[in-house]
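The next block holds one structure in the form of structure tokens; read it before the comments.
The values are calculated or read from the model by the stated rules, or taken from the named source; none is laboratory data. Note that the structure is predicted; figures quoted are calculated from it, not measured. In this analysis, Cβ positions are derived from the backbone assuming ideal geometry, glycine residues included, and neighbour counts consider all displayed protein chains.
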Amino acid sequence: MIKAGVQEDETANILAAKKLLDLLQKDILHIENGMLIIVPIVNQIAYKRRIRDIPDLNRTILRKPNQAASHPLSAALFRLTTE
């Protein structure tokens with residue numbers, strides 16, 4: 001899984017994720033085995049508003065295996081990576 005756009009002001013990773021997605025969609029690059037999930041803009045609310053802390057997802061990411069996520073978006077991303 002490639003996640004970009006966790007912080008609204010970190011745009012280089014967003015551009016890289018979108019470029020990779022474009023190359024895959026145009027069949028310039030290929031995934032031979034497995035599955036690749038690309039999320040170009042994880043924190044869309046913060047990105048659209050250009051505000052870093054709504055929420056600051058870096059602070060809500062799970063730190064321990066049995067820990068509950070402190071934000072629904074972080075919980076959803078965690079579930080996606082474990083399915």
Please go through region 4-43 and give me each residue that is at pLDDT below 85 and surrounded by fewer than 17 Cβ atoms within 10 Å (Cβ to Cβ), ordered by number.
ASP9, GLU10
Could you count how many residues in region 21-36 are touching a strand residue (DSSP E or B) at 6+ places or on another chain (Cβ under 8 Å) and not in a helix (DSSP H, G or I)?
1
What number of residues in region 1-20 are within 22 Å of LEU80 (Cβ to Cβ), of a type outside the set (Val, Ile, Thr) and assigned to a loop (DSSP other than H, G, I, E, B)?
6
Residues (modelled with pLDDT under 70 and surrounded by 10 or more Cβ atoms within 10 Å (Cβ to Cβ)) located in region 62-75
LEU62
Looking at this structure, is ILE31 within 24 Å of THR82 (Cβ to Cβ) and under 13 Å from the mean Cα position of the chain (by Cα)?
no
